[in-house]
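Remarks on the structure that follows.
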Amino acid sequence: MASRDFRSELVGSFSEGSNGNPTVAMIEAAFRHHGLNWRYVNCEVPPERLADAVKGARAMGWRGFNLSIPHKVAVIPLLDGLGESAAIMGAVNCAVNRDGKFIGENTDGKGFLKSLLEVVDPRGRSVVMFGAGGAARAIGVELALAGARSITVVNRSAARGQPLVKLLNEKTHAPATLALWDKTYAIPKATDIVVNATSIGLGNGNAPLDIDVSSLTPAMVVADVIVDPPDTRFLRDAKAQGCITIDGLGMLINQGVIGVKYWTGLDADPAAMRRKLEEIFAK
Ligand code: NDP
């Protein structure tokens, strides 16, 4: 007979603006679905308290924690080591307690890659990616490590676009170029994968990307990172052009699946997590 156990294993998240982050609901849905005595605690942590929060997690034997805005870079010196892609990106969104050491990983790009792989393997494919912020950096590095043939970063500002292109060229084998997004962009015909990694569409499902929609062809796989709402104008336009599309929920859910695997060793059921998110976003 199973012995009684009144102590839950703990994981959670440190961020500012934590009340707007639905990850807790999704991860706890997975814990419940699999009958795990684990809890995920969403913590509001200002920058000057981050070191204390990490110390607290160590003291209480937390099994890991996610990092969100504004802690993804600042947490690095507080950890005991970094995974490969997190080291290249210089950003951590998931710390994992491995034998008492907190190792920093980045699941943003890995979550994206996992949902992309359900449709297409990026190895040998040419990619056009809009955006050069945190999400784009994570996605660009994972696509490069997964063997993408080339990556064109299309970004409004060179100030963010250039460093990302430099990073990809210097630290990965995927050749990257910057296309400044100062006029309507036409997707080159030979493109296999198109990604919106900007925040356009967040909170407004009708916000358009400044692209020539007719340059999207049925041979292209088109992905968006936006989760709220997941049904973006960009994806609707792509669908109408005959493209296979991937919404941002897949990336978010797969980040959760990867985080749960890192922390618990369990392969969580993504369907249970998607159901919870869809319930939240339907409201
Ligand atoms: P950042 O603020 O770091 O980057 C925003 C990017 O969007 C920049 O490249 C910026 O260009 C570009 N951008 C914003 N507005 C415009 C505009 N009007 N025209 C052209 N470009 C624009 O944000 P993040 O990278 O952290 O996040 C981006 C999005 O990804 C967010 O909406 C976030 O919710 C989503 N996300 C989704 C995840 C998921 O699991 N599905 C995970 C992580 C993020 P510029 O450099 O010129 O300012």
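What follows draws every value from the coordinates through simple rules; no lab data is involved. What you see is a predicted model, and the numbers here were worked out from it, not measured in a lab. Note that we place each Cβ from the backbone using ideal geometry, even for glycine, and neighbour counts take in every protein chain shown.
Which lysines, on any chain, are close to residue 239 with Cα under 26 Å apart, when same-chain ones fewer than 8 places away are left out?
Residue 239 reaches 110, 114, 183, 189, 276, 283.
Just the number: Rg to Rh for region 162-283, Cα atoms, Kirkwood Rh, two decimals. Don't jump to the answer; show the numbers that get you there.
Details: Rg = 16.5 Å, Rh = 16.3 Å.
With Rh from the inverse mean 1/r over Cα pairs, Rg/Rh is 1.02.
For the peptides 271-279, 221-229, what is the packing order when you average, over each peptide's residues, the other Cβ atoms within 10 Å and list the highest mean first?
Values: 271-279: 16.3, 221-229: 23.2.
Packing proxy ranking, top to bottom: 221-229, 271-279.
Percent antiparallel among DSSP beta bridges with both residues in the chain, to the nearest 5? If you can, show how the numbers build up before the last one.
Details: 8 of 43 bridges.
Once the DSSP bridges in the chain are tallied, antiparallel ones form about 20 percent.
Expected output is a single nm value to one decimal: the length gained when fully extending between residue 55 and residue 183, i.e. 0.36 nm times separation in residues minus the C-alpha distance. What is it? Working shown, then result.
On the way: separation 128, 0.36 × 128 = 46.08 nm, distance 4.80 nm.
This chain segment gains 41.3 nm when fully extended.
Taking the simple approach of a point 7 Å from Cα along Cα-to-Cβ for both residue 217 and residue 231, what is their distance in nm?
Between residue 217 and residue 231, the simple spin-label model gives 2.9 nm.
If the chain between residue 169 and residue 117 were fully stretched, how many nm would it gain, using 0.36 nm times the residue separation less the Cα-Cα distance? Show your work: numbers first, answer last.
On the way: separation 52, 0.36 × 52 = 18.72 nm, distance 2.31 nm.
Fully extending the segment from residue 169 to residue 117 adds 16.4 nm.
Which of rounded, prolate or oblate describes region 106-244 when judged by the alpha-carbon gyration tensor and an a/c cut-off of 1.5?
On the way: a/c = 1.36, a/b = 1.25, b/c = 1.09.
Since a/c stays below 1.5, the shape of region 106-244 is classed as rounded.
In whole Hz and in residue order, list the ³J(HN,Hα) couplings for region 45-61 that follow from phi through the Karplus curve 6.51 cos²θ - 1.76 cosθ + 1.60, θ = phi - 60°; x for Gly and Pro.
Taking θ as phi minus 60°, the curve returns 10, x, x, 6, 10, 4, 4, 5, 5, 5, 4, x, 4, 5, 4, 8, x Hz for region 45-61.
Would you mind classifying region 107-159 by shape? Square roots of the alpha carbon gyration tensor eigenvalues, ordered a ≥ b ≥ c; an a/c under 1.5 is rounded, otherwise it is prolate if a/b is larger than b/c and oblate if not. Don't skip to the answer; put the middle values down first.
Working: a/c = 2.27, a/b = 1.45, b/c = 1.56.
Oblate, since a/c reaches 1.5 and b/c is not below a/b.
Report, in cubic angstrom per residue, the convex hull volume of the C-alpha atoms of the chain.
Details: hull volume 38.4 nm³, N = 283.
Expressed per residue, the convex hull around the Cα atoms of the chain is 136 Å³.
List the GluC sites (Glu not before Pro) within region 30-121 that DSSP assigns to loop and that have no more than 13 neighbouring Cβ atoms inside 10 Å.
Numbers: sites: 44, 48, 84, 105, 118; in loops: 118.
Sparse-neighbourhood loop GluC sites (Glu not before Pro): 118.
So if I place +1 on the C-beta of Lys and Arg and -1 on the C-beta of Asp and Glu, and nothing else carries charge, what would the dipole magnitude of the chain be about its Cα centre? I want it in debye, nearest 20. Show your work: numbers first, answer last.
Values: 31 positive and 29 negative charges, 52 e Å.
Roughly 260 debye for the chain.
Taking the beta-carbon count within 10 Å as an exposure proxy, list 34, 71 from fewest neighbours to most. Intermediate values should be presented prior to the final figure.
Values: 34 15, 71 25.
Going from least to most buried by this count: 34, 71.
Test of the criteria: in region 73-157, which trypsin sites (Lys or Arg not before Pro) are in a DSSP loop and have at most 12 other Cβ atoms within 10 angstrom of their Cβ? The partial results should precede the final answer.
Numbers: sites: 98, 101, 110, 114, 123, 125, 137, 149, 156; in loops: 123, 125, 149, 156.
Within region 73-157, the qualifying trypsin sites (Lys or Arg not before Pro) (loop, at most 12 other Cβ atoms within 10 Å) are 123.
Calculate the spin-label point distance for residue 34 paired with residue 99, positioning each point 7 Å from the Cα along the beta-carbon direction, and give it in nanometres.
In this crude label model, residue 99 to residue 34 measures out at 2.3 nm.
Are there trypsin sites (Lys or Arg not before Pro) in region 1-88 that DSSP puts in a loop and that have at most 14 other Cβ atoms within 10 Å, and which ones?
Values: sites: 4, 7, 32, 39, 49, 55, 58, 63, 72; in loops: 4, 7, 63, 72.
For trypsin sites (Lys or Arg not before Pro) across region 1-88 that sit outside H, G, I, E and B with at most 14 neighbouring Cβ atoms in 10 Å, the list reads 4, 7.
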